[in-house]
Amino acid sequence: MYDVVIIGGGPAGVAAGVYVARKKMKSALVADSFGGQSLVSADVQNWVGTKSVSGFELGKMLEEHLRAYESDIDIKIDLAVKVEKKKDGFAVTTKSGETLETKTVLILTGSSRRKLNVPGEKELDGKGVVYCSTCDAPLFHKKTAAVIGGGNAGLEAVLDLLPYATKIYLLEYSDALKGDAVTQEKIRADKKVTIIFKAKTTKILGDKFVTGLQYEDMNAGKTVELKLEGVFVEIGAIPNADFVKGLVGFNKFGEIIADPKTQQTSQPGIWAAGDVSDVLYKQNNISAGDAIKAVLNISDFINKESSTGGYTK
Amino acid sequence: MKNIIIYSTPTCVYCKMAKDFFQKNNIQYKEFNVAEDEKAREDMINKSHQLGVPVIDVDGEIFVGFNRSELEKAVLGK
C-alpha cells in the first residue's frame, strides 16, 4: 500500500512528486501527460526562474525533474478514473485497469476547457470548432472566424488568428472585455476585428464543416447569423474532478473545497490543490506551492499515524 | 516499414508530442506544415474531413490528434 498517490502531471503534480520522492514516502504519480494547461502556450514568461519557455518545453522540464526521482516514486502514464474509500485508505483505479491502494490521495488534476453546449458544437468539433487556437489558427488562412469569450484566452486566440484570418469576430457575453489592457488595445487597433458585446452564442451551423454561427443580440433582443468557417471557443475552464464526485466537498463552480492552510478536503485522507481546488488564483506557481504545502501536511499525517498507531482528528 | 505522414503547424504542441513519440521510437515519418503548404492542407482535409492538427496518416489509417496508446497500437503493434 502506498503512503500517497498523486493524481496529475501539471506543475502541481510534479512539484508534489519531487517532494514526496525526496521524503522517501511510498508513492505513485498518475498522469497521462506532463505540463498541465500551459502545455499549449506558445510562451510562458512567469514560471519563476525561467525568463521565457514554451509550454511544450516546460512540460519536458517538469517531466525530467520528476524522472530524476524515478527510483523513489512510481510514475504511471495513465488516467485516474475513480477513487474509492476503503476500510484503511483509498483505491485509485486507472483507465488501463490498474488499482492503486493508498493511505492518502493528493488530487492535482487541474481543469479543462469549458464548452458552449450549443447545437452544432459537438458535431462540428475539429471541423471548424476549435479549442486550441495556437494549434489550429494557421488553418484559417484567408478565412473568417469568430472567437467566443473576451477574457485573456479569447484575446490571445484573436492574436493567434490575426496573421491568417481575413475577418475575426470577437463575441463577448457581457458588455466589456476582461483581458489585459495591452492586448485589448492591439485588438481594437486592427480593422479586421469586430467586437460584439452582449452576444450569447446559440448555435453553430454547418454540415461537413462550420459555415456559420448564430447568436442572440441581448441588447436588441434579436437573433443574428454570421457566415464564417471557424469558431474558437475560449470561455474558461471546468475542474477535472468527476472521478471523486460524492467523495469530497465541492463549491458551486465544481471546484474541490480545500482548506487554504493544509489543502485538506472534506474527506479525511484526501488533499487537493491547484486549479481543481477552490484556490482563488489559478497560477502555475501557486499550484506548485499549494501542492507542496499539501505534501508536507500529508507527511505530517503519515508520521502521526505511524507514531500513534492511528490518526484521530 | 510503415509509411507515416504527419500534417502539422509549427505552433501545435500535440504535433510536437507526436513527433517526439516517433523520434523516441526511431520511427521515420514525413511532415507537412499545413500553415504554409496549401496543397498539403487540402490533402489533410480530404483525408481526415477535419480542420485541426495534427493529422497522422499511418499506411492510410487516419488519426486526428495525438493519442499515444492508439499510435502505439498502430505503429508499434503494441
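Shape analysis of segment A:37-168 yields a ratio of the Cα radius of gyration to the Kirkwood radius, Rg/Rh, of 1.07.
Annotation: peptides A:237-249, A:159-171, ranked by per-residue average of other Cβ atoms within 10 Å with the highest first, follow the order A:159-171, A:237-249. When you count the other C-beta atoms within 10 angstrom of each residue and take the mean per peptide, A:22-28, A:292-298 line up highest first as A:292-298, A:22-28.
Counting only other chain Cβ atoms within 10 Å of each residue's Cβ, the peptide B:12-19 averages 6. Per-residue shielding of B:47-56, expressed as the average number of other chain Cβ atoms within 10 Å of the residue Cβ, stands at 5. Measuring against 23 Å, Cα to Cα, the residue pairs A:K76/A:K282; A:K23/A:K86; A:K115/A:K198; A:K143/B:K47; B:K19/B:K39; A:K85/A:K304 contain A:K76/A:K282; A:K23/A:K86 as the ones spanning a longer distance. Long hydrophobic helices in chain A: the complete DSSP H runs spanning 27 Å or more by Cα along their own axis with mean Kyte-Doolittle hydropathy of at least -1.0 are A:284-308. For the peptide A:247-253, the mean number of other protein chain Cβ atoms found within 10 angstrom of a residue's Cβ is 0. Expressed as a fraction of 2.2 N^0.38 Å, the C-alpha radius of gyration for chain A is 1.12. For the peptides A:92-99, A:128-135, A:9-16, residues were scored by their other Cβ atoms within 10 Å and the scores averaged per peptide; the highest-first order is A:9-16, A:128-135, A:92-99. Using C-alpha pairs below 8 Å separated by at least 6 residues, the relative contact order for chain A is 19 percent.
Which shape class, rounded, prolate or oblate, goes with segment A:113-195 when its Cα gyration tensor gives a ≥ b ≥ c as root eigenvalues, a/c under 1.5 marks rounded, and past that a/b bigger than b/c marks prolate? Note, shape of segment A:113-195 comes out oblate.
The numbers here are math on the coordinates, done by the rules we state, and not lab data. All values reported here derive from a predicted model rather than from experimental measurement. We place every Cβ from the backbone using ideal geometry, glycine too, and count neighbours over all the protein chains shown.
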